[in-house]
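**Q** Could you have a look at this structure, given as structure tokens, before my questions?
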């Protein structure tokens, strides 16, 4: 009898032979500057735990308190019986933090993109999307059935050229706030101004801007003082906030509409009580102080200066994301393996996450790292790169 799944073996073989196979490590400890993998401590340069909140004792206590009062699960979608007072409170808290009229929390940042895009545009409409937008935007755009037009990365002139050719239906311009693989920041003021000229809606996915840009980490809209000018902000709690979940934020009428039409809100169970409570505590912490954000940026500047001084190409990052550009996936994979042997957990990024020939190691700096941690990383990168002939 023929094996209907034999194509999988061929694909896996090709991935391994080309250096594109993902070797997924299992972490045996809480997230932090150092993690335990295979019983050994490794310096963590992979996590999106920007502000060191994922294992913060205040968030842990909030989660435990919520379990004691509300249990472990919501037991329903939010539109039927799953909206607890915790959810309503977090919606309000997110809106206040983002300085918008209203917000709606969802199960993940990926879900938030699926929810918002398909609710705003459909079959006879058009999406105009940055060519380097995140996969969740791409998938949300495809599921909407709208026509998708792509403009050159972070290029307002290209955006305008594309918009000139759009003549029918609703138009939605979408950009990441911070581009996750390169660390550059969207030219949001120009994007918003051009979209307005052509009557298009604007949406920004600020997954890597939350907790990083703006006052106390309020994100890219706050960073550029564009409050009220961006139609919808989408974000996630799974990075700087240290928990899980996503949100959409904007006008009160937008959020009222999403509650009626956003399919992940209508058809997938709500966030769990401990997740919601921990997220609320994280936002409370950020509202009170920008110190974790300042610590993050101080660490990022120190590490990036060190890597540049060593001769590494770290791209055009404007944020703590530090891409170590290496070109071929095999080179990036070998460097990652050697770094791991020296105690540094820093994974390779290759196709299809980035274009072929653009493989890299993406170093994620956080507020949890000490200067000794960063010096340890710099020494390891220098030693491995010299062994491999990547730098002199």
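Each value in this text was obtained by applying a stated rule to the coordinates, not by laboratory testing. Just so it is clear, the structure is predicted and the values come from calculations on it, not from any experiment. Virtual Cβ from ideal backbone geometry, glycine too; neighbours counted across all protein chains shown.
**Q** How high is the relative contact order of segment 57-288, given as a whole-number percent (alpha carbon pairs under 8 Å, six or more residues apart)?
**A** 31 percent
**Q** Can you work out the FRET efficiency for the pair residue 284 and residue 252, with r the C-beta to C-beta distance and R0 = 22 Å, to the nearest 0.05?
**A** Efficiency at R0 = 22 Å is approximately 0.45.
**Q** On to the next question. I'd like to compare 55-66, 133-144, 356-367, 28-39: which one has the highest average count of other Cβ atoms within 10 Å, and what's the full order after that?
**A** 356-367, 133-144, 55-66, 28-39
**Q** Next question, about the same structure. So how much slack lies between residue 16 and residue 316, counting 0.36 nm per residue of separation and subtracting their Cα-Cα distance, in nm?
**A** Here the answer is 105.0 nm.
**Q** Could you check how many percent of all C-alpha pairs in segment 347-392 are farther apart than 12 Å?
**A** I get 71 percent for the Cα pairs in segment 347-392 exceeding 12 Å.
**Q** For the chain, what is the relative contact order in percent, using Cα pairs closer than 8 Å and at least 6 residues apart in sequence?
**A** Across the chain, relative contact order equals 22 percent.
**Q** Moving to a separate point now. Which translational diffusion coefficient, to the nearest whole µm²/s, is obtained for segment 226-308 from the Stokes-Einstein equation, given a Kirkwood hydrodynamic radius over C-alpha pairs, 37 °C and 0.692 mPa s?
**A** 212 µm²/s
**Q** I'm a student and want to see the number: the projected area of the Cα convex hull of segment 1-70, averaged over all directions, in nm².
**A** 9.4 nm²
**Q** Which order, highest average first, do 106-115, 18-27, 42-51, 330-339 follow once you tally other Cβ atoms within 10 Å for each residue and take the mean per peptide?
**A** Ranking the peptides 106-115, 18-27, 42-51, 330-339 by packing returns 106-115, 42-51, 330-339, 18-27.
**Q** Just from its helices, what would the mean residue ellipticity at 222 nm be for the chain, if runs of 4 or more DSSP H residues each count -39500 (n - 2.57) and the sum is divided by every residue, rounded to the nearest 500 deg cm²/dmol?
**A** Roughly -13500 deg cm²/dmol at 222 nm, from the helical runs in the chain.
**Q** In units of 2.2 N^0.38 Å, what is the alpha-carbon radius of gyration of segment 93-138?
**A** Cα Rg divided by the expected 2.2 N^0.38 Å: 1.35.
**Q** Taking Cα centroids, how far is segment 9-56 from segment 209-247 in Å?
**A** 25 Å
**Q** Give me the one-decimal nm value for the distance between modelled label points at residue 101 and residue 193, 7 Å along each residue's Cα-to-Cβ direction.
**A** If labels sit at residue 101 and residue 193, their model points lie 2.6 nm apart.
**Q** Write down the percent of antiparallel bridges among all DSSP beta bridges whose residues are both part of the chain, to the nearest 5.
**A** Counting DSSP beta bridges with both partners in the chain, the antiparallel share is about 55 percent.
**Q** Take the eigenvalues of the Cα gyration tensor for segment 57-288, scale each by 5, and report the square roots as semi-axes in whole Å, largest first.
**A** Equivalent ellipsoid semi-axes, largest first: 30, 19, 14 Å.
**Q** Using the Kirkwood formula over every pair of different C-alpha atoms, what hydrodynamic radius in Å results for segment 39-136?
**A** After inverting the pairwise mean of 1/r, the radius is 17.2 Å.
**Q** Sticking with this structure for a sec: Based on the Kirkwood radius over alpha-carbon pairs, what is the Stokes-Einstein translational diffusion coefficient of the chain at 10 °C with 1.306 mPa s viscosity, in µm²/s?
**A** Translational diffusion coefficient: 72 µm²/s.
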